[in-house]
Amino acid sequence: MQDEPVDKEDILKELSELHNLDYDYSDGRILGSMCTEAHPFAKEVYCKFLDTNLGDPGLFKGTKHIEEEVIKSIGELLSLDVAYGNIVTGGTEANIMAIRAARNHARKYKGIVDGEIIIPESAHFSFKKAADMLNLKIVEAKLDDNYKIDVDELKNVISDKTVAIVAIAGTTELGLIDPIEEISKIAFDNNIYFHVDAAFGGFSIPFLRKKGYDLPIFDFSLEGVCSITVDPHKMGLAPIPAGGIIFRKEEYLEVMAVDSPYLTVKTQSTIVGTRLGASSAATYAIMKYFGKKGYCELAESLMENTNYFYDGLIEIGYEVVCKPELNIIAFNHPDMETNVLAEKLEKLGWKVSVAKCPKSIRVVLMNHIKINHIKELLEDLKEIY
Ligand code: 0PR
């Protein structure tokens, strides 16, 4: 830091020069992001709540009430009448909280000390962070030919050390939904904590189902489901950071509670102490402003774009890894190496993401990718072909 204060104008100039190096969602070139530009109204509300701190909720009773209302609304969306949980920084923190709850619950009620979690091979890497921090062993369940958890494999890897089973509703690479109903039954019958990571799909599957899309049930209406991650900062159009963790029972929060004697509340279950109220307020605002109707329209329009892109790819001759269930498509050229194709696209100005399983170009058709961008992308892909 320099000694003397610097003029605001100079600081802003310097910052905007650096900000100009960032890619902008609005040019439609970012193909692999699960985040998008937040809705302007949500951003406006976010700024009004920048000083609120949910780490000491007794001081911010109104904002705490807002967080509770958001959790209640998301809970309702996921078929839960009474929901517990928090708006956190994102899917990573939400998943860590879920696994921490599962571990502590198993420790308290089953005496498991060196636990294991079963995750599909398609799980987001946040579970690796969770296992590392919580001293748990990861057991990976293999995928079937459709890139979903192989349920027989899953049954085989359950042991008396299993503290949680995880399934995904909207996988990071392919946007697929695991057979959650079947897994819920297995988890329930074996009395094992079951967490669903719907960080991506949570704000679209319920709306697409409402619109008549044939997607499976993934929520609390399945009795084995103990918690669900659902991120407002992905398909919910809320500003970053906004993740959501919803628990079926209060006891899952209680097993994580630590004493916080000098605060306005006597215990705290979240990982983070001082935490933003702005994320809750912005999520509250955008959910009210859109209503179910707005989210139904958004989810459906993104699926229409996805199907348009899918048809275009097939027409040119590209190989699509699987029929998309949500707004993610992974594809390959029949005889070009994925990295070579990725490089060619990068040279044409596309910000490409390469999936690992299977190796392919992955496009997440978020709200910033409009139909004209898809047409341009298809034209470039035709040229490359
Ligand atoms: N669960 C699932 C299913 C996810 O896809 C992700 C993130 C997470 C959890 C973790 O969420 P947070 O990143 O909010 O903690 N999925 C994307 C990914 O890692 C996130 C992302 C977003 C990546 C924007 C790139 C990007 O530009 O691939």
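I'd like to verify a number: residues in region 242-254 that are surrounded by fewer than 18 Cβ atoms within 10 Å (Cβ to Cβ) and either within 12 Å of the ligand (Cβ to nearest atom) or assigned to a helix (DSSP H, G or I) (or both), how many? Can you show your working first?
First, the residues of region 242-254 that are surrounded by fewer than 18 Cβ atoms within 10 Å (Cβ to Cβ): 249-251, 254.
Imposing the further condition that a residue be either within 12 Å of the ligand (Cβ to nearest atom) or assigned to a helix (DSSP H, G or I) (or both) reduces the set to 251, 254.
Selection size over region 242-254: 2.
Residues in region 200-218 that are open to solvent by less than 10 Å² (accessible area, probe 1.4 Å) and within 16 Å of the ligand (Cβ to nearest atom): how many?
7
Return a yes/no flag: does region 219-241 have any residue that is more than 11 Å from the ligand (Cβ to nearest atom) and basic (Lys, Arg).
No, the conditions are met nowhere in region 219-241.
So which residues in region 339-352 are in contact with a strand residue (DSSP E or B) (Cβ under 9 Å, 6 or more places away or on another chain) and either aliphatic (A, V, I, L, M) or crowded, with 19+ Cβ neighbours inside 10 Å (or both), if there are any at all?
Those that are in contact with a strand residue (DSSP E or B) (Cβ under 9 Å, 6 or more places away or on another chain) and either aliphatic (A, V, I, L, M) or crowded, with 19+ Cβ neighbours inside 10 Å (or both): 341, 342, 345, 350, 352.
Look at residue 178 and say whether it is more than 10 Å from the ligand (Cβ to nearest atom), more than 14 Å from the chain's Cα centre (by Cα) and open to solvent by 30 Å² or more (accessible area, probe 1.4 Å).
Considered against the rule, which asks whether it is more than 10 Å from the ligand (Cβ to nearest atom), more than 14 Å from the chain's Cα centre (by Cα) and open to solvent by 30 Å² or more (accessible area, probe 1.4 Å), residue 178 comes out as no.
Looking at residue 69, is it free of Cβ contacts under 8 Å to residues at least 60 places away in the same chain and under 30 Å from residue 48 (Cβ atoms)?
no
Against the condition open to solvent by 10 Å² or more (accessible area, probe 1.4 Å), in contact (Cβ under 8 Å) with a residue 12 or more places away in the chain and away from the ligand (no atom under 13 Å from the Cβ), how does residue 274 come out, does it pass?
In short, yes.
So if I check each of 83, 98, 102, 94, which one is closer than 21 Å to residue 251 by Cα, assigned by TED's automatic domain parsing to the domain that holds residue 278 and in contact with a Phe, Trp or Tyr (Cβ under 6 Å, 6 or more places away or on another chain)? Steps first, answer last, please.
Values: 83 fails: in contact with a Phe, Trp or Tyr (Cβ under 6 Å, 6 or more places away or on another chain); 98 fails: in contact with a Phe, Trp or Tyr (Cβ under 6 Å, 6 or more places away or on another chain); 94 fails: in contact with a Phe, Trp or Tyr (Cβ under 6 Å, 6 or more places away or on another chain).
On inspection, the qualifying residue turns out to be 102.
Residue 172 fails exactly one of the following numbered conditions: (1) open to solvent by 10 Å² or more (accessible area, probe 1.4 Å); (2) in contact (Cβ under 8 Å) with a residue 60 or more places away in the chain; (3) away from the ligand (no atom under 16 Å from the Cβ). What is the number of that condition?
(3)
Quick check on my filter: what residues within region 113-162 are assigned to a helix (DSSP H, G or I), open to solvent by less than 50 Å² (accessible area, probe 1.4 Å) and closer than 19 Å to residue 356 by Cα? Walk me through how you get there before you give the answer.
If we filter region 113-162 for residues that are assigned to a helix (DSSP H, G or I), which is where we start, we get 126-134, 151-157.
Keeping just the survivors that are open to solvent by less than 50 Å² (accessible area, probe 1.4 Å) gives 126-127, 130-131, 134, 151, 154, 157.
Listed by number, the residues that qualify are 126, 127.
Does residue 316 fit the bill of being surrounded by fewer than 18 Cβ atoms within 10 Å (Cβ to Cβ), within 16 Å of the ligand (Cβ to nearest atom) and touching a residue at least 12 places away in the same chain (Cβ under 8 Å)?
Working: surrounded by fewer than 18 Cβ atoms within 10 Å (Cβ to Cβ): yes; within 16 Å of the ligand (Cβ to nearest atom): no; touching a residue at least 12 places away in the same chain (Cβ under 8 Å): yes.
No; evaluated as a whole, the condition is false for this residue.
Kindly indicate which of 282, 238 is assigned to a helix (DSSP H, G or I) and of a type in the set (Gly, Ala, Ser).
Only one candidate passes the filter, namely 282.
Counting just the residues of region 219-241 that are of a type outside the set (Asp, Glu) and under 11 Å from the mean Cα position of the chain (by Cα), which one comes out surrounded by the fewest Cβ atoms within 10 Å (Cβ to Cβ)?
Ranking the candidates gives 236 first.
Suppose we filter 60, 41, 49 for residues that are in contact (Cβ under 8 Å) with a residue 60 or more places away in the chain, out of contact with any Gly (no Cβ under 6 Å at 6 or more places or on another chain) and open to solvent by less than 100 Å² (accessible area, probe 1.4 Å); which single one remains?
Among 60, 41, 49, only 41 is in contact (Cβ under 8 Å) with a residue 60 or more places away in the chain, out of contact with any Gly (no Cβ under 6 Å at 6 or more places or on another chain) and open to solvent by less than 100 Å² (accessible area, probe 1.4 Å).
The values are calculated or read from the model by the stated rules, or taken from the named source; none is laboratory data. What you see is a predicted model; the values in this text were computed from it and never measured. Virtual Cβ from ideal backbone geometry, glycine too; neighbours counted across all protein chains shown. Each accessible area value is taken on the protein alone, full model and side chains, heavy atoms only, with ligands, DNA and RNA left out. Shrake-Rupley method; radii C 1.70, N 1.55, O 1.52, S 1.80 Å.
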